[in-house]
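Written out below as structure tokens is the structure these notes cover.
A short reminder: the numbers here are calculations on the coordinates, not readings from a lab. Everything numeric in this text was worked out from a predicted model, so none of it was measured. Counting neighbours? That spans all protein chains shown, and the Cβs are built from the backbone with ideal geometry, glycine included.
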Amino acid sequence: MQRRQFILAAAAGLAMPGLAHAATGIQGPVRIVVGFAPGGGTDVLARVIGQKLGMMWNTSVVVENKPGATGAIAAAYVAKQPPDGTTLLMAHVNSHAIAPALLDVKYDPRADFTPISMVGVTPNMLTCRPEQKVRTVSDIVALCRKNPGKISFGSSGIGSAQHLALEMFRMQAKIDVVHVPYKGSGPLVADLLGGQIDYAFDTMTAATPFVQQGKVIAIAQTRLKRAASHPNVPTLAESGFPGLDAASWYGLVGPKGMPAALAQRMNEDVNRVLAMPDVAERLKSFGAEDSGGSNQQFAAYITAESTKWAKVIKDAGVKAES
């Protein structure tokens, strides 16, 4: 009887190879698609995670960059791939919460993907150059109210998480400021240091090296709690703007329809990678925290973020570049 059950189970596995594979292991090679250029925070995190997963799965895990439209091009591409686990996306707040509310994207961030695991949540930073005399949140608000429409704030692009952090700050502070968008953190920092803009909202990942070198002053960070890597930098929430939470986040997703057992296996393996001391230290250096958790928790987080940022975009009247 036992032999007959074994033969039937084996036959079922041959008839449904996807399910059998999902229960036993990861088929490779695996691609992690990143919607930004090489060298940025999303790309670096994908490579750190991918290297460890490749060793764990005994297969090659490569990062493939498809930049453009704040991550929406990469997301649309992955949404159309077979749900066999060989193509994953390093999802980002831009691709999965902001772009769908701002652009005419060709995917639904909740219906067209299988959430796997949160990789990390990173604050953004309000920064200035060392020569700037006004460098506390309360004094900046006073300066902006005294000079409406004259104080400039840079960001890494229209519709970026950093731009929307500025919009949340602007609306709560009831100030009139000039937004100067850039194509990434590099030119943003260059103009901040050169005095072409007064302040900047930048990613903590990009700002940290300049802060450590003393070239940039960190004024405030944009999560509700201080990042462990920057314990002396106050949050906007504790600086007179309670509830202001404008973080960037990263997480792995696959196309919709992935077998539940495969998604669960990947979730467990990503959690193991995130717990490795060298990976945890690398994430900390980026200010990335609150990583890991279940597939269901990540799915709920994406839904909440989609709702939040859609409201910010509507209330602030943010429009995509034409």
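Miscellaneous remarks
- Per-residue ³J(HN,Hα) for segment 280-297, Karplus 6.51 cos²θ - 1.76 cosθ + 1.60, θ = phi - 60°, Hz, x for Gly and Pro: 4, 5, 5, 4, 4, 5, 8, x, 7, 10, 6, 7, x, x, 8, 4, 5, 5
- The residues Phe241, Phe113, when put in order of fewest to most other Cβ atoms within 10 Å, stand as Phe241, Phe113.
- Using a Gaussian network model of the chain in which every pair of alpha carbons under 10 angstrom is joined by a spring, one finds that among Thr42, Thr87, Thr303 the greatest mean-square fluctuation is at Thr303.
- Axis angle, to the nearest 10 degrees, between helix 260-274 and the longest C-alpha principal axis of the chain: 50 degrees.
- Neighbourhood charge, 12 Å Cβ-Cβ cut-off, centred on Arg110 and excluding it, Lys, Arg +1 and Asp, Glu -1: -2
- In segment 124-239, one over the average inverse separation of all distinct C-alpha pairs is 13.8 Å, which is the Kirkwood hydrodynamic radius.
- Segment 34-131 - Rg over Rh from alpha carbon coordinates, Kirkwood radius: 1.01
- Candidates Ser156, Ser138, Ser285: whichever shows maximal mean-square fluctuation once the chain is modelled as a Gaussian network with Cα springs under 10 Å: Ser138
- Segment 204-316 shape via C-alpha gyration tensor axes, a/c threshold 1.5: oblate
- On the principal axes of its alpha carbon atoms, the chain extends 85, 39, 31 Å, with the longest extent given first.
- Using a cut-off of 24 Å between Cα atoms, the listed pairs Lys133/Lys174; Lys66/Lys256; Lys225/Lys311; Lys133/Lys314 include Lys133/Lys314 as exceeding that distance.
- Each other residue within a Cβ distance under 10 Å of Ala76 adds +1 if Lys or Arg and -1 if Asp or Glu, for a net charge of +2.
- DSSP beta bridge pairing in the chain, given as percent antiparallel to the nearest 5: 60 percent
- For the residues Ala300, Ala99, Ala79, a GNM of the chain with alpha-carbon springs under 10 Å puts the largest fluctuation on Ala300.
- The H on the amide N of Val33, modeled in the peptide plane, is under 5 Å from the matching H of Glu64, Leu88, Leu89, Met90, each at least 5 residues off or on a different chain.
- In straight-distance terms, cross-link reach from Lys52 covers every one of the lysines whose alpha-carbon lies under 20 Å from its own, apart from those fewer than eight places away in the same chain; here that gives Lys284.
- R0 of 22 Å, Cβ-Cβ distance Asn147-Ala316: FRET efficiency to nearest 0.05: 0.60
- Euclidean distance between Cα centres, segment 131-183 to segment 41-71, Å: 34 Å
- Using the Cβ of Leu193 as centre and a radius below 13 Å, the other residues enclosed give a net charge of -2, where K and R count +1 and D and E count -1.
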